[in-house]
Amino acid sequence: MNYDVIIIGGGAAGMMAAGIAAAKSDSVLLLEKNPILGKKLFLTGKGRCNLTNLTTVENLIAHTVVNGKFLRNAYFKFNAEDTVKFFEELGLKTKIERGNRVFPKSDKSSDVIKYLKKYLIKNNIKIINQAAVDVTKKDNLFVVELQKRKLFSHKLILATGGRSYTLTGSTGDGHKFAEKFGHTIRQLKPSLVPIETIPAWNAVIDKLKLKNVKIKIIHHNKVVFKDFGEMEICGSTVSGPVILSASSYLKNVKNHQLIIDLKPGLTEKQLDERLIREFNQASQTKISKILNRIIPLKLKPVMLELAGIDPGEKCGEIAKSKRKQLGYSLKNLKVELSDFRSFDEAIITSGGICVDEIDPRTMESKIVKDLYFAGEIIDVDALTGGFNLQIAWSTAYTAGVSC
C-alpha cells in the first residue's frame, strides 16, 4: 500500500510529526514497535511529563548542550509558547512550576498521551503498533518492510528516539536506518544519567539528598564543570539535578574528581569562625551532637573520620588542626568518579545523526531527498527542565510541516 508520509516511531516526536504532516497529506501512517504509543513519554518527568520550559528561543538554545544553534530555525517555527498553546487547544490544561517548567495540570503524563492519540485519530492517521520494520529506498519511494508486507511512501520521517530507557524498547534502530542511507552517527552515550564512583566514604551512604550544594568536577587539575543545586548520594552512585547536568557536558568521567561544597554560602575562613563559635558555646558537649546542627546526620561519621576526630571528643578539646580539617572537608568533600551508568538509567541519549547532514530549516536529509528526522535521533540534547521535549516538539513540527 502507498502512503504520502510514513513516520517510524510513536513517541513524542513521532506523534507530533504525524499530526502535523496530516494537515497537508491525505495518507499518513505511524508505525510503533511497542504495543502502545508514547511508552517513554509516559515515564518523563517522573510520570508527570514536563512538557516544555516556557522561556525564550535564546534561552532554549542556551540550555541545549549539544548543537543548540542548529535548532534555531525549528525553535522559531515552533517555540515553547506554541507548545503550550498546541496542548491547550487539544484540551490539555497546563500549569507552570518553578523554573518555568510546564506540566499538565493533572500531573499525569498519561493525559498528554491521551490527547495526542485523540489528535492522531482526528487527523485520520493510520497507526500500526508492534511494528518492527526495515527500510530501504527504491525508485524514489521508501520501502518499509513490515511483517512480510511491503509499504511504500513518498516521504519518510524517522522519529525512533535514542537508546535511553532501554526497557521501553529504545534500541537505536533509527540510527541503523540512517546509516543505511549514508548518514554519519555521532557516538552515542547515556546522558542525564547518574554517575558511578570509586567507592570510598560514600559507599556506606544510602539515599542522602543534599540541597544547596556547590559542585565542581576536576580533570588533570582543571575545573571542567561546576554547578549549584541539589544532588543525591546512593552508595557508589551520585545522582540528582547537578550530576545529571554534568553527565550532559562531559564525554567521560574516568579519572575525574567530584568536589562537593556543603557550605557554599561561607568562605573557609567564615566557616572556621562559625565552628569556633559553636565549639566555644558548647565546650563540654560532644562534637557528634554539635555536628547535627551543621550537616546531615548521615554525613556525621564521614566528616568526623575525615577530620580525625573521635565522636566522643568534647568540643573544647578539639585541636585547631582537626577543626581546620573539618572545615576543609565540609568545603571540599571529594569523590572519585569512574563511569556513567547505563542507557537503562539515562533520561536521554547524547550523540546521533550528524546535524551537518540535516537541513535545519526543514529537518530533511541533505543526503537522501524526502527523508526527514525528528527528536532524539538527531545529535542534539539539552538539560533537564522540559528542554528535551521541546526539542522533540520543535523538530517534529518542522519535519511534519515540511513534508
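For region 162-218, give me the residue count where each residue is among the aliphatic types (A, V, I, L, M) and outside any strand (DSSP E or B).
So the answer is 9.
Is there any pair with a first residue in region 29-50 that is in the same structural domain as Ser164 (by TED's automatic domain parsing) and a second that is charged (D, E, K, R) and part of a strand (DSSP E or B) whose Cβ atoms are under 8 Å apart and which are 6 or more apart or on different chains, and what are they?
From residues that are in the same structural domain as Ser164 (by TED's automatic domain parsing), the pairs are Leu29/Lys126; Leu30/Lys126; Asn50/Arg101.
Is it the case that some residue within region 287-297 is more than 25 Å from Asn202 (Cα to Cα) and out of contact with any strand residue (DSSP E or B) (no Cβ under 6 Å at 6 or more places or on another chain)?
Narrowing region 287-297 to residues more than 25 Å from Asn202 (Cα to Cα): none.
No, every residue in region 287-297 fails to be more than 25 Å from Asn202 (Cα to Cα) and out of contact with any strand residue (DSSP E or B) (no Cβ under 6 Å at 6 or more places or on another chain).
Restricting region 198-207 to residues that are surrounded by fewer than 17 Cβ atoms within 10 Å (Cβ to Cβ) and of a type in the set (A, V, I, L, M), which is modelled with the highest pLDDT?
Ile198
Of the residues that sit in region 166-197 and are crowded, with 17+ Cβ neighbours inside 10 Å and of a type in the set (A, V, I, L, M), which one is nearest to Gly10 (Cα to Cα)?
Ala178
With respect to the numbered conditions (1) under 25 Å from Ala21 (Cα atoms); (2) out of contact with any Ser or Thr (no Cβ under 6 Å at 6 or more places or on another chain); (3) in contact (Cβ under 8 Å) with a residue 60 or more places away in the chain, which one is the sole condition not fulfilled by Ala74?
Here Ala74 meets the rest and fails (2).
Given the condition within 26 Å of Asp381 (Cα to Cα), hydrophobic (A, V, I, L, M, F, W, C) and either crowded, with 16+ Cβ neighbours inside 10 Å or touching a Cys at 6+ places or on another chain (Cβ under 6 Å) (or both), answer yes or no: does some residue in region 247-256 qualify?
Yes: region 247-256 contains one or more residues that are within 26 Å of Asp381 (Cα to Cα), hydrophobic (A, V, I, L, M, F, W, C) and either crowded, with 16+ Cβ neighbours inside 10 Å or touching a Cys at 6+ places or on another chain (Cβ under 6 Å) (or both).
May I ask you to list the residues in region 42-51 that are surrounded by 15 or more Cβ atoms within 10 Å (Cβ to Cβ) and either modelled with pLDDT under 95 or at negative phi (or both)?
Of everything in region 42-51, those that are surrounded by 15 or more Cβ atoms within 10 Å (Cβ to Cβ) and either modelled with pLDDT under 95 or at negative phi (or both) turn out to be Phe42, Leu43, Thr44, Gly45, Arg48, Asn50, Leu51.
Could you say which residue among Lys93, Lys85 is touching a Ser or Thr at 6+ places or on another chain (Cβ under 9 Å), free of Cβ contacts under 8 Å to residues at least 24 places away in the same chain and surrounded by fewer than 17 Cβ atoms within 10 Å (Cβ to Cβ)?
Lys93
Just give me the residues in region 138-149 being surrounded by 13 or more Cβ atoms within 10 Å (Cβ to Cβ) and farther than 13 Å from Tyr372 by Cβ, in sequence order.
Leu141, Val143, Val144, Glu145, Leu146
Can you pull out the residues in region 1-14 that are crowded, with 24+ Cβ neighbours inside 10 Å and either touching a strand residue (DSSP E or B) at 6+ places or on another chain (Cβ under 7 Å) or under 19 Å from Leu146 (Cα atoms) (or both)?
Passing the criteria: Val5, Ile6, Ile7, Ile8, Gly9, Gly10, Gly11, Gly14.
How many of the residues making up region 178-225 are on the phi < 0 side of the Ramachandran plot and touching a helix residue (DSSP H, G or I) at 6+ places or on another chain (Cβ under 9 Å)?
Going through region 178-225 one residue at a time, the tally reaches 26.
For the list (1) part of a loop (DSSP other than H, G, I, E, B); (2) surrounded by 18 or more Cβ atoms within 10 Å (Cβ to Cβ), I need the number of the one condition that Leu266 fails.
(2)
Table: residues versus (1) crowded, with 21+ Cβ neighbours inside 10 Å; (2) touching a residue at least 60 places away in the same chain (Cβ under 8 Å); (3) under 22 Å from the mean Cα position of the chain (by Cα).
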residue	(1), (2), (3)
Leu297	no, no, no
Leu306	no, yes, no
Gly327	yes, no, no
Asp344	no, yes, yes
Ile348	yes, yes, yes
Thr362	no, no, no
Val401	no, yes, no
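How do the strands (runs of 3 or more DSSP E) wholly within region 97-150 filter down when requiring 2 or more residues that are more than 30 Å from the chain's Cα centre (by Cα), in the same structural domain as Ala80 (by TED's automatic domain parsing) and farther than 29 Å from Asn388 by Cα: which remain?
By residue number, 133-138, 141-146.
The values are calculated or read from the model by the stated rules, or taken from the named source; none is laboratory data. On a predicted model such as this, the values are computed, not experimentally measured, just so you know. Note that each Cβ is placed from the backbone with ideal geometry, even for glycine, and that neighbours are counted across all protein chains shown.
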